[in-house]
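Structure first, commentary second.
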Amino acid sequence: MSRIAITGAKGVVGRVLTEQLGGVHDIIPIDLPEIDILADPDKLKRVLEAADVVIHLAGVFGPKAEGKENWLSPHQDPINTRLFGMVMNMATTLAENHEQGPKQFIHASSIHVEDTLGFLGRNSGLLVAKPNEFMTEPASGYGRSKRAQEIAVRHLAPVFTRGAVSVRLGGVTSDNLPLQQHRRPEVLDHEQRVWLEHSDLGRLVENLIEQPRVGQYDVLYAISANDGRFHDTANNFTWQPQANSKDY
């Protein structure tokens, strides 16, 4: 059993992972109002000191009109950079001690480090996950933010004795169903191809924790086995997605 600190534990992905992993591991939730990452770094430090693994999910997402990031907008919200920086720096400082604090860092990146919608419209091949190698320019501020975070995680990965991983998440929904309607047909088609089913996600993260790559950095795509999938989900953790959006 590992002690897993999850930032953004009350968000969609945070709730999914708490449910999927909570029966086996000790989950340490980090979210408002109990813990304010930016306003109370001392409390954040105390919590991370007790963790074996940090899963960083915390972020603010939503309509551009509200000053928030989303994958269809060029807008970039600086608060997400600040949240990542605070958690990453704190976890790294503690990990360098090796006596306490996290041994593994799991970073929630996104498929939108690439221009997925543009790629789908122009190409017939697969997007392949490689550290700091990309096939397109990100179309959104959200994607640019995640790309910069990946670079930082890769640089700091050797500090973590059980390694660090950037997981480029596909579409995780609160009801565990692929998107059923959208005013733009091309977006609906895209979302059904990149859907990520809850138990597929849970098995992936369990494998990351149980099969650590000591001091290494990995990046991988997390997408279910959907028809028309255009991401290569090959990985070093024996994970194979099972669900297919066409069956839902």
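The values are calculated or read from the model by the stated rules, or taken from the named source; none is laboratory data. All of these numbers come straight from a predicted model, not from anything done at the bench. Please note: Cβ atoms are built from the backbone with ideal geometry, for glycine as well, and neighbour counts cover all protein chains shown.
Among the residues of region 70-114, those that are over 24 Å from LEU44 (Cα atoms) and modelled with pLDDT under 95 comprise ASN70, TRP71, LEU72, SER73, PRO74, HIS75, GLN76. Once region 35-64 is narrowed to residues that are under 15 Å from PRO78 (Cα atoms) and not in a strand (DSSP E or B), the residue that is modelled with the lowest pLDDT is LYS64. With respect to the conditions (1) without any contact (Cβ under 8 Å) to a residue 60 or more places away in the chain; (2) in contact with a Lys or Arg (Cβ under 7 Å, 6 or more places away or on another chain), SER224 falls short on a single one, namely (2).
Checking the structure you have, find out if any residue of region 158-177 is of a type in the set (Lys, Arg), under 16 Å from SER224 (Cβ atoms), buried (at least 17 other Cβ atoms within 10 Å of the Cβ) and out of contact with any Leu (no Cβ under 6 Å at 6 or more places or on another chain). Scanning region 158-177 turns up at least one residue that is of a type in the set (Lys, Arg), under 16 Å from SER224 (Cβ atoms), buried (at least 17 other Cβ atoms within 10 Å of the Cβ) and out of contact with any Leu (no Cβ under 6 Å at 6 or more places or on another chain). From the list PRO78, PRO102, the one residue that fits, being surrounded by fewer than 18 Cβ atoms within 10 Å (Cβ to Cβ) and either touching a Ser or Thr at 6+ places or on another chain (Cβ under 7 Å) or on the phi < 0 side of the Ramachandran plot (or both), is PRO78. Of everything listed in (1) modelled with pLDDT of 95 or more; (2) touching a helix residue (DSSP H, G or I) at 6+ places or on another chain (Cβ under 8 Å); (3) outside any loop (DSSP other than H, G, I, E, B); (4) surrounded by fewer than 21 Cβ atoms within 10 Å (Cβ to Cβ), the single unmet condition for VAL187 is (1). For region 128-156, name all the residues that are assigned to a helix (DSSP H, G or I) and not hydrophobic (A, V, I, L, M, F, W, C). The answer is GLY141, TYR142, GLY143, ARG144, SER145, LYS146, ARG147, GLN149, GLU150, ARG154, HIS155.
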